[in-house]
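Novice: The structure is given below, and queries will be raised subsequently.
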Protein chains: 2
Amino acid sequence: MVTASAPGKVYLFGEHAVVYGEPAVPCAIGLRASVTAEERSAGMRIQASDLSLDGFTVEYDGEGRDHPDIDVPDTLVQAAMGYVDEAVTQVREAADAPEASFEITIESEIPLGAGLGSSAAVAAAAIEAGTRELGVEITPTEIAERAYRVENTVQDGQASRADTFCSTMGGAVRVEGDDCHSIESPDLPFVIGYDGGAGDTGALVAGVRERRKEYEFAADTIEAIGDVVRRGEQALTANDTEEIGNLMDFNHGLLSALGVSSRTLDSMVWAARNAGCLGAKLTGAGGGGCIVALDPTPETLTALEYTHGCEEAFRAELDTDGVRVESE
Amino acid sequence: MVTASAPGKVYLFGEHAVVYGEPAVPCAIGLRASVTAEERSAGMRIQASDLSLDGFTVEYDGEGRDHPDIDVPDTLVQAAMGYVDEAVTQVREAADAPEASFEITIESEIPLGAGLGSSAAVAAAAIEAGTRELGVEITPTEIAERAYRVENTVQDGQASRADTFCSTMGGAVRVEGDDCHSIESPDLPFVIGYDGGAGDTGALVAGVRERRKEYEFAADTIEAIGDVVRRGEQALTANDTEEIGNLMDFNHGLLSALGVSSRTLDSMVWAARNAGCLGAKLTGAGGGGCIVALDPTPETLTALEYTHGCEEAFRAELDTDGVRVESE
C-alpha cells in the first residue's frame with residue numbers, strides 16, 4: 001500500500017492569455033491531494049473522501065460500474081472516477097502490468113472544481129502511488145507526461161500541460177505553449193478566497209476567443225497580460241513581492257476587461273486589497289471560484305472570512321514540493 | 001433676472017486615457033445646474049441650495065468676504081464660490097461691464113464632487129445667465145471657452161475642455177487633446193449609481209502616470225482604451241446600444257487595470273450587470289464617485305437602490321440640450 005500526494009496550484013499570472021501563446025506562471029500551493037493505492041487481485045475499488053464533497057465509494061470490475069449511492073452531483077463523481085480510471089490506465093502502461101487492479105483511496109484538501117488543480121493533483125498522486133505499489137519508479141517528467149495524458153483524455157483533448165506539470169514538480173512554473181519548466185521564486189504567502197462556485201471554463205474560454213476575434217484591443221489586452229507575466233518573472237527572480245503584488249492587481253484588471261471576472265471574485269479581490277494585501281487577482285478560468293492574494297500579514301485572511309460571498313478562505317503558501325510519496 | 005441651466009455629464013468612454021492624447025466621449029445627462037443672475041447696484045451676493053449639500057449664502061463686496069455660516073466642508077464652499085467668482089469675471093469681460101454686480105442663485109440636481117461635471121455646468125449656466133442679464137448674447141462656442149477659463153483658473157491650469165464643452169453643447173462629444181466637437185448619438189438610457197464619495201483626482205491621475213512610466217503594458221492599456229473609444233464612436237453612429245454596452249464593460253476593466261476603480265465602484269458595476277444592463281463602467285476619475293450603466297429597463301435602477309455602498313441611484317438619459325435660458 002503506497003500513499004502519494006501532490007499539490008494544487010494557483011495562477012500567479014497569465015491564465016487565459018496562455019491559450020494564445022503568451023507565457024503563464026502557475027504556482028504549486030500547500031494544499032494537497034493524497035492517493036493511496038493498494039493492489040488487489042481483481043476488480044477496482046475507488047474511495048474518495050473530503051473532496052470538498054461528501055465522499056463516495058464505488059466498486060466495479062471493469063465491465064460495468066455500480067452507480068455510487070451518494071448525494072453529490074453526478075457529473076462531479078463521474079469526473080472524479082474518470083480521472084482515477086485514466087490514471088490507472090497510465091499506471092498499468094508505465095509498469096507494463098495490464099491486469100493490475102487496485103483499491104484506490106483519495107483524500108484531498110483541494111476544493112473540487114474551484115480551479116485549484118485538484119484533478120491534476122489526483123492524477124499525479126495516483127500515478128506515483130500506483131506505480132510505486134507495483135514496485136516501479138518513474139521520473140517526475142514521466143509522471144507529469146502521464147498525468148497530462150489523464151487530464152487530456154478526460155477533458156477531451158482540451159487539457160493544458162500547466163496544471164499537471166506544476167503539481168508534479170511543485171514550486172513556480174513557467175508555461176508557454178507546450179513548454180513547461182520550473183523557475184525560481186521567493187516564498188509567496190498566498191491567501192485564497194473561494195466563493196464556493198465555479199465558472200463554466202469552456203464558455204469563459206470561448207468568450208475570450210470571441211472578444212479577441214471581434215476586437216483588436218482585446219488581442220492587445222491578451223498581449224498586455226503576456227507582458228505582465230514577463231515582468232512578473234523578473235520580479236520573481238528579484239524577490240520583489242511588492243512588485244509581484246502590483247502585477248497581480250494589473251493582471252486582474254486585464255482579465256476583468258476580457259470578461260472573466262465576477263461579482264464575488266471582484267468583491268473578494270477588493271476585500272483583500274482593502275485589508276492591505278500586496279496584490280490580488282482571480283485565479284484560473286474565472287466567472288466564479290477562487291481569488292489569490294499575496295499577504296504576509298493575517299489581515300487578508302480575516303478580511304476574506306468576513307466578506308459576503310466568500311465561502312472559504314485559507315492560507316496556502318507556495319509549495320516547493322511536487323508529487324511525493326507519503327508512506328509505503 | 002435671468003435663469004439659465006446647463007447639464008452635467010458622464011464619460012461614456014475614455015477618461016484617463018484622454019490625458020495621453022487618446023479620444024474620449026463625454027455625454028451630457030438630464031441632470032442640470034440652474035443659475036439665476038440678477039443685477040444689483042453694488043456688492044456680490046451668492047446663494048446656493050441643493051448642491052447635494054445643505055446650501056449656503058454669502059454676501060461680500062469684492063474686498064473681503066464673510067465666511068458663510070453653514071455646516072459643509074470649507075473646501076467645497078470655497079470651491080463653489082471660486083467658480084461663481086470666476087464666472088462673474090468672465091461675464092464682466094464678455095459684456096464689457098467691469099463694474100457689474102449680481103445676486104447669483106445656484107440650484108443644482110447634480111451631486112457636487114461626484115465627477116458628474118457640476119462645476120462645469122455651474123460655470124456655463126452662470127456665464128449664460130450673467131451675460132443675458134446684462135443684455136448681451138454670446139455664442140455657445142464663447143460660453144464653452146469662457147466656462148473652460150473659469151475651470152482652468154479655479155483648477156490651477158489643470159482643467160480639461162471636455163466638461164465645459166459638453167455641458168455647453170449638450171449631447172455626445174468627442175474630445176481629443178484640445179479639440180472638442182459634438183457627435184451623433186442614439187438615445188442613451190443611462191442609470192447612475194453614486195457611492196457618496198469621491199476619489200482624489202490628482203492622486204488618481206498621478207497613479208496612472210506613474211504606472212504608464214513604469215510599465216510599457218500600462219501604456220498599451222491606455223492605447224487600448226483609445227481603441228475602445230474609436231470603436232465606440234462607430235457603435236454610436238450605428239445606433240448599436242448592445243455594442244456600446246460591451247465596450248463600456250471592456251473600458252471599465254482597462255480602467256481597473258490602471259488602478260482607478262474601487263470596491264464600491266466595482267460593486268455597483270456588478271449590481272448593474274447582474275441586473276441585466278447592457279454595460280456598466282465607472283465614470284470620471286474613479287477611486288469612488290459614480291458608475292454609469294446603460295439600461296432601458298427598470299432593473300438596474302432597482303438593483304442599484306438595493307446595493308450596499310450605493311448612496312444614490314438615478315436615471316439620467318443623454319440630454320441633447322446644452323446650456324439654455326430657462327426664464328428672463
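The values are calculated or read from the model by the stated rules, or taken from the named source; none is laboratory data. No experiment lies behind these values; they were computed from the predicted model shown. Note that each Cβ is placed from the backbone with ideal geometry, even for glycine, and that neighbours are counted across all protein chains shown. Just the protein is used for accessible areas: all its heavy atoms, side chains included, with ligands, DNA and RNA removed. Shrake-Rupley method; radii C 1.70, N 1.55, O 1.52, S 1.80 Å.
Novice: Which ones in the range B:142-167 are closer than 19 Å to B:Ala114 by Cα and among the polar types (S, T, N, Q)?
Specialist: B:Asn152, B:Gln155, B:Gln158, B:Ser160, B:Thr164, B:Ser167
Novice: For A:Leu301, work out the one condition from (1) within 12 Å of another protein chain (Cβ to nearest Cβ); (2) within 22 Å of A:Ala172 (Cβ to Cβ); (3) open to solvent by 20 Å² or more (accessible area, probe 1.4 Å) it doesn't fulfil.
Specialist: Only one criterion is unmet by A:Leu301, namely (1).
Novice: Out of all the residues in the range B:86-96, is one or more over 28 Å from B:Asp179 (Cβ atoms), in a loop (DSSP other than H, G, I, E, B), of a type in the set (D, E, K, R) and at pLDDT 90 or above?
Specialist: Yes, because at least one residue in the range B:86-96 is over 28 Å from B:Asp179 (Cβ atoms), in a loop (DSSP other than H, G, I, E, B), of a type in the set (D, E, K, R) and at pLDDT 90 or above.
Novice: Let me ask another. If we keep just the residues of the range A:233-251 that are without any contact (Cβ under 8 Å) to a residue 40 or more places away in the chain, more than 11 Å from every other protein chain (Cβ to nearest Cβ) and of a type in the set (Asp, Glu), which is least open to solvent (accessible area, probe 1.4 Å)?
Specialist: Restricting to residues being without any contact (Cβ under 8 Å) to a residue 40 or more places away in the chain, more than 11 Å from every other protein chain (Cβ to nearest Cβ) and of a type in the set (Asp, Glu), the top hit is A:Asp240.
Novice: OK, next. So A:Asp227 fits all but one of (1) more than 10 Å from chain B (Cβ to nearest Cβ); (2) open to solvent by 10 Å² or more (accessible area, probe 1.4 Å); what number is the exception?
Specialist: (1)
Novice: With respect to B:Arg263, determine if the residue is charged (D, E, K, R), open to solvent by 40 Å² or more (accessible area, probe 1.4 Å) and over 23 Å from A:Val228 (Cβ atoms).
Specialist: No, not satisfied.
Novice: Hey, does the range A:227-248 have a residue that's part of a strand (DSSP E or B), in contact with a helix residue (DSSP H, G or I) (Cβ under 7 Å, 6 or more places away or on another chain) and either closer than 28 Å to A:Gly322 by Cα or not assigned by TED's automatic domain parsing to the domain that holds A:Val292 (or both)?
Specialist: Checking the range A:227-248: not a single residue is part of a strand (DSSP E or B), in contact with a helix residue (DSSP H, G or I) (Cβ under 7 Å, 6 or more places away or on another chain) and either closer than 28 Å to A:Gly322 by Cα or not assigned by TED's automatic domain parsing to the domain that holds A:Val292 (or both).
Novice: Here's something else I'd like to know. Would you check if A:Glu214 is free of Cβ contacts under 8 Å to residues at least 60 places away in the same chain and out of contact with any strand residue (DSSP E or B) (no Cβ under 8 Å at 6 or more places or on another chain)?
Specialist: yes
Novice: Which one is modelled with the lowest pLDDT, of the residues in the range B:48-57 that are assigned to a strand (DSSP E or B) and open to solvent by less than 50 Å² (accessible area, probe 1.4 Å)?
Specialist: Only one residue fits best here, namely B:Phe56.
Novice: A further question follows. Would you confirm, using the coordinates I've provided, whether B:Val205 is within 21 Å of B:Leu294 (Cβ to Cβ) and among the hydrophobic types (A, V, I, L, M, F, W, C)?
Specialist: In short, no.
Novice: Give just the number: which of (1) among the polar types (S, T, N, Q); (2) within 11 Å of another protein chain (Cβ to nearest Cβ); (3) touching a Leu at 6+ places or on another chain (Cβ under 9 Å) does B:Thr283 not satisfy?
Specialist: Every condition holds for B:Thr283 apart from (2).
Novice: Please state which of the following conditions B:Ala198 fails to meet, knowing it meets all the rest: (1) of a type outside the set (Ser, Thr, Tyr); (2) closer than 21 Å to B:Gly286 by Cβ; (3) in contact with a helix residue (DSSP H, G or I) (Cβ under 8 Å, 6 or more places away or on another chain).
Specialist: (3)
Novice: Further question: Between A:Ala257, A:Ala272, which is touching a residue at least 60 places away in the same chain (Cβ under 8 Å) and among the small types (Gly, Ala, Ser)?
Specialist: Result: A:Ala272 is the single residue among A:Ala257, A:Ala272 that is touching a residue at least 60 places away in the same chain (Cβ under 8 Å) and among the small types (Gly, Ala, Ser).
Novice: Can we say B:Gly113 is small (Gly, Ala, Ser), open to solvent by 40 Å² or more (accessible area, probe 1.4 Å) and either at pLDDT 95 or above or not in a strand (DSSP E or B) (or both)?
Specialist: When the stated conditions are applied, B:Gly113 passes them.
Novice: For B:Phe314, all conditions in the list (1) open to solvent by 10 Å² or more (accessible area, probe 1.4 Å); (2) within 11 Å of chain A (Cβ to nearest Cβ); (3) of a type in the set (A, V, I, L, M, F, W, C) hold save one; what is the number of the exception?
Specialist: (2) is the only condition that B:Phe314 fails.
Novice: For the range B:138-186, how many residues meet the condition of being closer than 17 Å to B:Glu22 by Cβ, free of Cβ contacts under 8 Å to residues at least 12 places away in the same chain and of a type in the set (D, E, K, R)?
Specialist: Residues flagged as closer than 17 Å to B:Glu22 by Cβ, free of Cβ contacts under 8 Å to residues at least 12 places away in the same chain and of a type in the set (D, E, K, R) within the range B:138-186 amount to 1.
Novice: Here's another thing I want to ask about it. Identify the single condition in (1) modelled with pLDDT under 95; (2) open to solvent by 40 Å² or more (accessible area, probe 1.4 Å); (3) at negative phi that B:Ala120 does not satisfy, given that it satisfies every other one.
Specialist: (2)
Novice: When the residues of the range B:317-328 are filtered to those that are of a type in the set (D, E, K, R) and under 16 Å from the mean Cα position of the chain (by Cα), which remaining residue is least open to solvent (accessible area, probe 1.4 Å)?
Specialist: B:Asp319
Novice: Would you be able to tell me the number of residues in the range A:26-47 that are open to solvent by 10 Å² or more (accessible area, probe 1.4 Å), assigned to a strand (DSSP E or B) and of a type in the set (A, V, I, L, M, F, W, C)?
Specialist: Counting residues in the range A:26-47 that are open to solvent by 10 Å² or more (accessible area, probe 1.4 Å), assigned to a strand (DSSP E or B) and of a type in the set (A, V, I, L, M, F, W, C) gives 2.
Novice: What's the number of the condition A:Glu107 fails, among (1) under 25 Å from A:Gly287 (Cα atoms); (2) outside any helix (DSSP H, G or I); (3) modelled with pLDDT of 75 or more?
Specialist: The failed condition is (1).
Novice: For the range A:142-163, which positions are in contact with a helix residue (DSSP H, G or I) (Cβ under 8 Å, 6 or more places away or on another chain) and not charged (D, E, K, R)?
Specialist: Within the range A:142-163, A:Ile143, A:Ala144, A:Ala147, A:Tyr148, A:Val150, A:Thr153, A:Val154, A:Gln158, A:Ala159, A:Ser160, A:Ala162 meet the criteria.
Novice: Same structure, new question: Can you tell me how many residues within the range A:252-272 are assigned to a helix (DSSP H, G or I) and either more than 8 Å from every other protein chain (Cβ to nearest Cβ) or hydrophobic (A, V, I, L, M, F, W, C) (or both)?
Specialist: Matching residues across the range A:252-272 total 10.
Novice: Count, please, the residues in the range A:207-223 that happen to be over 23 Å from the mean Cα position of the chain (by Cα) and more than 10 Å from every other protein chain (Cβ to nearest Cβ).
Specialist: So the answer is 3.
Here's the yes/no breakdown for (1) modelled with pLDDT of 95 or more; (2) out of contact with any strand residue (DSSP E or B) (no Cβ under 7 Å at 6 or more places or on another chain):
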| site | (1), (2) |
| --- | --- |
| A:Asp220 | yes, yes |
| A:Leu265 | yes, no |
| A:Gly276 | yes, yes |
| A:Ala280 | yes, no |
| A:Leu294 | yes, no |
| A:Gly309 | no, yes |
| A:Val323 | yes, no |
